[in-house]
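Notes to accompany the following structure.
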Amino acid sequence: MGALGAFGRVTGAVWVLVRNDALLPRELDHLYPPSMGALAKALRLFAGSGARSGRPGERLARSLESMGPVAIKLGQLLSTRGDFFGREFAEDLSRLKDRLPPFPTAVARAEVERTLGRTIESLYAEFGEPMAAASLAQAHEAKLLDGRKVAVKVLRPGIEIRVRNDAESLDLAARLIERWVPPARRLEPRAFAETVIRATILELDLRLEAAGADELREVMALDGYMAVPPIVWEGVGKRVLTMEWARGWPLSDPGALTQPGLDRQAMADNLIRAFLSQALDHGVFHADLHEGNLFAAAPAQLTAVDFGIIGRIGPPERRYLAEILWGFLNKDYEGVARTHFDAGYVPAHHSVAAFAQALRAVGEPVFGRPASEVPMSRVLTQLFEITALYDMHLRPELVLLQKTMMTVEGVARRIQPDHDIWRAADPVVRRWMTRELSPLARIRRFADEAATALKNLARLIENPPAAAVEVGETRRGGSALLWFAAGAVVAGGAFLAAMYWG
Ligand SMILES: Nc1ncnc2c1ncn2[C@@H]1O[C@H](COP(=O)(O)OP(=O)(O)O)[C@@H](O)[C@H]1O
Ligand SMILES: [Mg+2]
């Protein structure tokens, strides 16, 4: 039954793709082997009016929009694979919209009461009509008993079943593709489908979104580049999220940029600095920073909402990112190249000098022109294209970061058309370099790395792999000795490092 249902839904999805000529698009005719070319021509007999307008990426976006939440998430994630599909296709796909007609307010109120286990009246003085509705949830305007204005996000009723069914269909589709479409195997369809499904399911628990908002609010409060409205925890449950109202106007609203007293330059700077400091300083960033999720208040205050997608990057990637931005800001291509080799991103058998030459090819055209004309995200894109030539495998979180940077830069340019992202970024990157590359920080990092390496070694000795030799009685004593040795090496290393850098 389940399998049959999934099969039916996959067939339905294929039909939508055929109607939009998004399955075997005509633009790729020259790539198909003869039998597939014949199939593509036959299928095109069924194409509808939607097939005539737009590029293939736009047609695919349109098809996926109509298929529900998992398909929409699939489109969003596919759009991060410009390396596989080409840049234009990925960009067209990334403009996919997630908007649906709202469900009735009475239903939302019932969902809130059930989730929170209390009446609407016991928490809200007013609970208004929906302001916006997407495939997973919709948002209502409301007021708390103490008078604070809030936004209440409520999951769509029955959305879990919908997602479970769609997930089953996507998994089936991925298995069929893996079996029958060999060229798609490089994209690892089943693993990709799993990522899509997992990302959608995580968004089905609004407590996680509330926690993400809270975390970003905490880190953003440190330097004030961006504000995040406080969460009202009393009004948070798996299917409900209550957050204080954001100050100002949504940037998607034309009125936002004509407010009196607005400092556009400062506002664009704040946006870039907020994003970079989230990623570099804190390793956690809002990964959905489009105009609909940003509020602007004069003179230059930005407030973010919607924490459904949070990106995270670990310390090595943060360091990598800071060093390449610093390197490009200072035209130090050798330095950027060495960073790639040190981080192990580029295998040691390649030449640092040749790699630095490739980096110069990315950097020089940038700095020969007014910087404001060259997006930082494009530099990263080109950098990632070049690094692919050097067998570098990009970590997915860096791809998400680069995508978000593209969005953020677009928004900054619309706030202030000649905005120079490189100048805006400089203080955040400089601050990072001063802090993290100070002698003290180097020692701390060296000690951390040594300790981790030794801890791993100790773990290996304590839990030897099945085939390892019997350590027997000496095991505990052995590990104590090892800990002593570890301590000695860390202390000695720190001392040497202090001598060397200090
Ligand atoms: N705290 C808030 N203050 C004011 N408006 C909000 C707030 N949170 C959400 N909204 C409005 O509701 C819309 C939808 O909420 P959002 O969290 O972005 O949901 P979605 O995931 O559906 O995009 C937002 O684009 C914004 O206009
Ligand atoms: Mg939103």
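When the chain is described by a simple charge dipole with +1 on each Lys and Arg Cβ and -1 on each Asp and Glu Cβ, the residue from MET67, VAL219, LEU43 located farthest towards its positive end is LEU43. By the Cα gyration tensor, segment 246-437 has an equivalent ellipsoid whose semi-axes, rounded to whole angstrom, run 31, 17, 14 from largest to smallest.
Here the chain is scanned for GluC sites (Glu not before Pro) in DSSP loops (not H, G, I, E, B) that have at most 10 other Cβ atoms within 10 Å, and the longest stretch holding none of them is 1-469. Along segment 77-94 the Karplus relation, 6.51 cos²θ - 1.76 cosθ + 1.60 evaluated at θ = phi - 60°, assigns HN-Hα couplings of 6, 4, 5, 8, 9, x, 4, 9, 9, x, 5, 5, 4, 4, 5, 4, 5, 6 Hz to successive residues, with x for each Gly and Pro. The Kirkwood radius of the chain, taken over pairs of alpha-carbon atoms, gives through the Stokes-Einstein law at 4 °C and 1.567 mPa s a diffusion coefficient of 50 µm² s⁻¹.
Might you report the magnitude of the Cβ-based charge dipole of the chain about its Cα centre, with Lys and Arg at +1 and Asp and Glu at -1, to the nearest 20 debye? Walk me through the numbers on the way to the answer.
Details: 61 positive and 60 negative charges, 157 e Å.
Roughly 760 debye for the chain.
Checking every one of the trypsin sites (Lys or Arg not before Pro) in segment 23-102 against DSSP loop status and a limit of 13 other Cβ atoms within 10 Å picks out ARG52, ARG95, LYS97, ARG99.
If R0 is 25 Å, what FRET efficiency do you get for LEU437 and LEU389 from their C-beta distance, rounded to 0.05? Intermediate results must be reported in sequence, preceding the final value.
Working: r = 28 Å, r/R0 = 1.13.
According to the calculation, E is roughly 0.30.
Each Lys and Arg Cβ is given +1 and each Asp and Glu Cβ -1; about its Cα centre, segment 246-437 then shows a dipole of about 200 debye. For LYS41, the aspartates and glutamates whose Cα falls under 13 Å of its own Cα, not counting residues fewer than eight places away in the same chain, are ASP21, GLU27, ASP29. Fewest to most neighbouring Cβ within 10 Å: what's the order for PHE7, PHE85, PHE275? Exposure proxy ranking, most exposed first: PHE7, PHE85, PHE275.
Ranking ILE421, LEU251, TRP180 by Cα position along the charge dipole of the chain, where only Lys, Arg, Asp and Glu carry charges on their C-beta atoms, puts TRP180 farthest toward the positive end. Adding -39500 (n - 2.57) for every DSSP H run of four residues or longer, then dividing by how many residues the chain holds, sets the calculated 222 nm ellipticity at -18500 deg cm²/dmol. Among the listed pairs LYS73/LYS238; LYS143/LYS403; LYS331/LYS455; LYS97/LYS153, a Cα-Cα separation exceeding 27 Å is found for LYS143/LYS403; LYS331/LYS455.
Given in Å, the Rg to one decimal and the Dmax to the nearest whole number for the Cα atoms of segment 1-121 are 18.8, 66.
Coordinate-derived values only; no laboratory data. Everything numeric here is computed off the predicted structure, so don't read it as measured data. Methodologically, a virtual Cβ is constructed for each residue, glycine included, from the backbone with ideal geometry; neighbour enumeration extends over all protein chains shown.
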